[in-house]
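In what follows, a single structure is set out as C-alpha cells and then discussed.
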Amino acid sequence: MPEPESQNGHEPEPQPQPEAEPVPPEQPQPQLEPKSEPEPEPEPNPQPESEPAPAQLDSKSEPKSDPAVNDADLRETTVHSNEARTNPPPNPKLRKDEGSRTFTMRELLNGLKTDSEPEREDANSPYSPEQQQQQAEQNNATMDLINSVVGADEEGRSRQRILTFAARRYATAIERNPEDYDALYNWALVLQESADNVSADSTSPSKDALLEEACKKYDEATRLCPTLHDAFYNWAIAISDRAKMRGRTKEAEELWKQATRNYEKAVQLNWNSPQALNNWGLALQELSAIVPAREKQKIVRTAISKFRSAIQLQFDFHRAIYNLGTVLYGLAEDTLRTGGSVGVQEVSPNELYSQSAIYIAAAHALKPNYSVYSSALRLVRSMLPLPHLKVGYLTAPPVGTTIAPHNDWKRSEFLLDHEKLQQIPRGEQKQVPQNLSGRSADAVNGDKKSIKIDIADIVSVSACADLTLPPGAGLCIDTNHGSVFLVADSWESLDGWLDAIRLVYTIYVRGKSDVLAGIITG
C-alpha cells in the first residue's frame, strides 16, 4: 500500500524501506522465465511487496513456484510490502505470470537457442495476400521497437537477441493467421520482456512504448480467446508497470483501475491463483494512494480481502502475508491521522497496528533472511502483545465440554504464542504494563483448568455456523483429541483469529517455530 506517513502513537524508529520485490532468494523483476509472485520494505513505515517480488509481480508464461520477494517491487510505506528485493526500488513491480500454458517462455528460450530460422509461411493460409501484407506492415513498427532494444550488458544483449528472434517467429505466425491468439499472447510476453531489458539510460525505444504495444497484443489475444486467464494476468502487470511510471496522476489512476479490472477477470477465470489475488491487492493499494479520501477506505478494505484470500489459498505465501501487514499498518496510520472516532464495529488504530505486526512477524518467521521483512519487524515488534503473538477475547464453553447451554458459555481472554492457544483463567492473571495493542501480557497459572490447544495437535481451523453455538462468529479448531468450538466477538475479529492460528500452525509445519519464538520472547 502507499507508504504510510503518520506514525503510531509512539515514534517508531525510521521504518525500513521496501526492498524491491520479494527478492533475495527470489528475483524481483519479471524474467523471461515464467514469474508468478512479488514484495517491499518499510521506511518510517512498512511497505508492500508485490508478488514474486514484493513490489513486483513477476510471472509471465508460467507461474514460478514461490518466487522470491523482489526488493525493487517493494513500495515504500511505513511497512514494506511482502515482496522486496535486496535493494529496494521505490515501487513494487508485478511479475508476469506465465500461467499453465502448454507453450511457455521458458520453453521458448530453451528451444529458440537451438533453432536457426523462423518457420516459413504456410502456403495454404486462408487469408489473402493483401490481408497478410496489411498485417506485415502493422508488425513492422512493432519489430522496429524490439530491434532497437539493446541490453545493458552482455547477458542482456544475448537475452534480447533471443527475444528478437522469437518476435520474428510470432510476427510470421500472425501474418499467416491474424487470429492466432497463442502467437499474439506470446508476442505480448516478448514485448513485455523486452521492456524489462531496456537500459535505464536508453532513449530508444521507450519502455512505455513496448509495454503499450504488449497491452495491445494482450487485448487482441483476449478478444479472440476470452478465457485466456494468463493473458489477463500479464496484461494487468504490463498496465501496472505503465501506471508506476506516471506517479500519482489522473492518468495513473485510470491505469490502476484498468489493472484491477484485468486482475479481477484473471481471478474469475482462474480462482485458484494466490499470485493474481496478491497482485490485485497491490494494485488496489496503489490506487488507494491516488483516489480522493472519501473513496480510499473502501478500496483499502477490498485490498485487505484480496491479500487474505491469497493467504487462504496458500497459507505460507509470505508475500501476501507481508503485504497484508503493510496495508493494515497504513490503515492504522490513516485512522490515527484523521482522528476519527472509533465506532463499536470499527477497529482502533492500536489494534490495527497489533494486527499488522502479527502478519509481518509471520512473514519474517517464514523467510527470516529477507531484509525487507527484518526491517519491517524492527519497526512493529513492540506493537505485539509480547511475550505472546496475539491476545484477545473469545467466548468459550465450560472446560471439558464441547456442547453446553448458551448461558454457560463465558467470554474470556485467550493468548496465542508459538506453542499454544490458551484460555487465561479469570483471577489468575498477573498484570504487567500494557503494550501498544492495549492488551496486557499475562502470566497464566498452569495448575488451573483452562482450555489449552497445542499447535502441534491442530488438524484444521475454520469458521463455523451451528445452532448449538451461541450467536456470533463461530470458530472450529479440529485437533487430534477432538474439536474445540469458540465464538469470536465479530466476523472481523474471527478473521484475525483464523489467520493468526493458521499462520502459527504453518510456521510450525515449516519447522520455523524457533524463529517465531525468538520474535515474541526476545
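The values are calculated or read from the model by the stated rules, or taken from the named source; none is laboratory data. All values derive from a computational prediction rather than experimental measurement. No Cβ is skipped: glycine too gets one built from the backbone with ideal geometry, and neighbour counts run over all protein chains shown. What goes into the accessible areas is simple: the full protein's heavy atoms, side chains included, and nothing from ligands, DNA or RNA. Shrake-Rupley method; radii C 1.70, N 1.55, O 1.52, S 1.80 Å.
Brief remarks on what is shown
- Number of the condition not met by residue 286 [criteria: (1) in contact (Cβ under 8 Å) with a residue 40 or more places away in the chain; (2) among the charged types (D, E, K, R); (3) over 19 Å from residue 327 (Cβ atoms)]: (3)
- Qualifying residue in the stretch 463-471 (condition: touching a residue at least 24 places away in the same chain (Cβ under 8 Å), more than 14 Å from residue 395 (Cβ to Cβ) and surrounded by fewer than 20 Cβ atoms within 10 Å (Cβ to Cβ)): yes
- Any hit, the stretch 204-213, residues being assigned to a loop (DSSP other than H, G, I, E, B) and more than 29 Å from residue 157 (Cβ to Cβ): no
- Here residue 298 clears all of (1) within 30 Å of residue 357 (Cβ to Cβ); (2) touching a residue at least 24 places away in the same chain (Cβ under 8 Å); (3) surrounded by fewer than 24 Cβ atoms within 10 Å (Cβ to Cβ) except the condition numbered (2).
- Only one of the numbered conditions (1) buried (at least 19 other Cβ atoms within 10 Å of the Cβ); (2) not in a helix (DSSP H, G or I) is not met by residue 240, and that is (2).
- Top-ranked residue of the stretch 138-178 - restricted to ones that are of a type in the set (S, T, N, Q), open to solvent by 10 Å² or more (accessible area, probe 1.4 Å) and at pLDDT 70 or above, ranked as farthest from residue 191 (Cα to Cα): 177
- Conditions (1) over 13 Å from residue 149 (Cβ atoms); (2) not acidic (Asp, Glu); (3) not in a helix (DSSP H, G or I); number of the one not met by residue 234: (3)
- Given (1) open to solvent by less than 50 Å² (accessible area, probe 1.4 Å); (2) under 18 Å from residue 192 (Cβ atoms), number of the condition residue 307 does not satisfy: (2)
To keep it simple, each residue is scored yes or no on (1) at pLDDT below 95; (2) outside the structural domain of residue 192 (by the TED database); (3) in contact with a strand residue (DSSP E or B) (Cβ under 6 Å, 6 or more places away or on another chain).
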position	(1), (2), (3)
218	no, no, no
236	no, yes, no
247	yes, yes, no
255	no, yes, no
271	yes, yes, no
275	no, yes, yes
295	yes, yes, no
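- Close contacts from the stretch 503-519, counting a first residue that is within 13 Å of residue 318 (Cβ to Cβ) and a second that is crowded, with 19+ Cβ neighbours inside 10 Å and of a type in the set (S, T, N, Q), with Cβ to Cβ under 7 Å and a gap of 6+ residues or different chains, come to 507/513.
- Subset of the stretch 307-349 that is among the acidic types (Asp, Glu) and under 26 Å from residue 461 (Cβ atoms) - its residue that is modelled with the lowest pLDDT: 346
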